[in-house]
Amino acid sequence: QQPVQSPQAVILREGEDAVINCSSSKALYSVHWYRQKHGEAPVFLMILLKGGEQKGHDKISASFNEKKQQSSLYLTASQLSYSGTYFCGQAGGTSYGKLTFGQGTILTVHP
Amino acid sequence: NAGVTQTPKFQVLKTGQSMTLQCAQDMNHEYMSWYRQDPGMGLRLIHYSVGAGITDQGEVPNGYNVSRSTTEDFPLRLLSAAPSQTSVYFCASSYSPPADHDQPQHFGDGTRLSIL
């Protein structure tokens, strides 16, 4: 079963912040975040392992709350290059070997 | 530094034809997988393999076969193509299965398949 992402789409101006949420009905052991530009392959952003972890690099960070079975991706001071579709994926536990992605969140950053 | 190589990049088939989508990686990754991507559906897992000789089904395996005779190659076979299989197909690999490890997936550039 796929994780559910919200919102489905976000439109920002440069410099604004955004949050993308990912929730699952199954126990999460790890959450994976990827970004995909139109016509290209998905590109790895970060992985969070269970334990209430937070990670970040540059102005993109994420949190993982395994009790709530939720993860959130935070994009601060957005840049034009942040535009794309963001996918969260869940793995581990009874889903060992499977990385199941959500339906994606389309992020558009305007000048 | 090839990474994950998918061939062909584009293909048009007629209903009922068979075809094999090729995927090869040169990173000595044990784990490989196939996804299909359709508008609004995200990436859906078709089949995956945790090592040579071992394969298993993902979320949408019907109509597709796979085998893993070597660590490097993981071909995806469409036995009798149907219009519903029109999609973009991505192959991915990682050092170990995506479970409790922080191993990223490396994606190929995709194969755009149209079935008439």
Check your understanding: Do any residues of segment B:49-93 lose at least 40 Å² of accessible area when the full set of protein chains is present rather than just their chain alone, and if so which, with a 1.4 Å probe?
Key -> B:GLU59
**Study point:** Listed residue (B:GLY108, B:TYR95, B:GLY40) projecting farthest to the positive dipole end of chain B, Cβ model
**Key:** B:GLY40
**Study point:** Rule-of-thumb Rg ratio for the protein assembly as shown [Cα; 2.2 N^0.38 Å; N residues]
**Key:** 1.00
Check your understanding: Placing +1 at every Lys and Arg Cβ and -1 at every Asp and Glu Cβ, with all other atoms neutral, what dipole size does segment B:66-116 have around its Cα centre, in debye to the nearest 20?
Key -> 300 debye
Revision key, fill the gap. Interface B-A: total buried accessible area (1.4 Å probe, Å², nearest 100) of 2000 Å²
Check your understanding: Counting Lys and Arg as +1 and Asp and Glu as -1, each charge on the Cβ, what is the dipole of segment A:42-111 about the Cα centre in debye, to the nearest 20?
Key -> 160 debye
Review point. Given just the C-alpha atoms of segment B:8-56, how large is their convex hull per residue in cubic angstrom?
Key: 129 Å³
Exercise for review: Whole number in Å², please: accessible area per residue of segment B:1-113, 1.4 Å probe, ligands, DNA and RNA not counted.
Suggested key: 44 Å²
Study note, to complete from the structure: In terms of the charge dipole of segment B:1-87, which places +1 on Lys and Arg and -1 on Asp and Glu at the beta carbon, the residue among B:ASN28, B:SER69, B:GLN17 farthest towards the positive end is B:GLN17
Revision key, fill the gap. Here the equivalent ellipsoid of chain B, derived from its Cα gyration tensor, has semi-axes (largest first, whole Å) of 23, 14, 13
Study note, to complete from the structure: Result for segment A:10-111: accessible area per residue, probe 1.4 angstrom, in square angstrom, of 45 Å²
**Study point:** Magnitude of the charge dipole, the protein assembly as shown, Cβ model with Lys/Arg +1 and Asp/Glu -1, debye to 20
**Key:** 480 debye
Study note, to complete from the structure: At 25 °C and 0.890 mPa s, the Stokes-Einstein diffusion coefficient in µm²/s for chain A, with hydrodynamic radius from the Kirkwood sum on alpha carbon pairs, is 177 µm²/s
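The values are calculated or read from the model by the stated rules, or taken from the named source; none is laboratory data. A quick note: this is a predicted structure, and the numbers were derived from the prediction, not measured. Please note: Cβ atoms are built from the backbone with ideal geometry, for glycine as well, and neighbour counts cover all protein chains shown. To get the accessible areas, we keep the full protein, side chains included, count just its heavy atoms, and leave off ligands, DNA and RNA. Shrake-Rupley method; radii C 1.70, N 1.55, O 1.52, S 1.80 Å.
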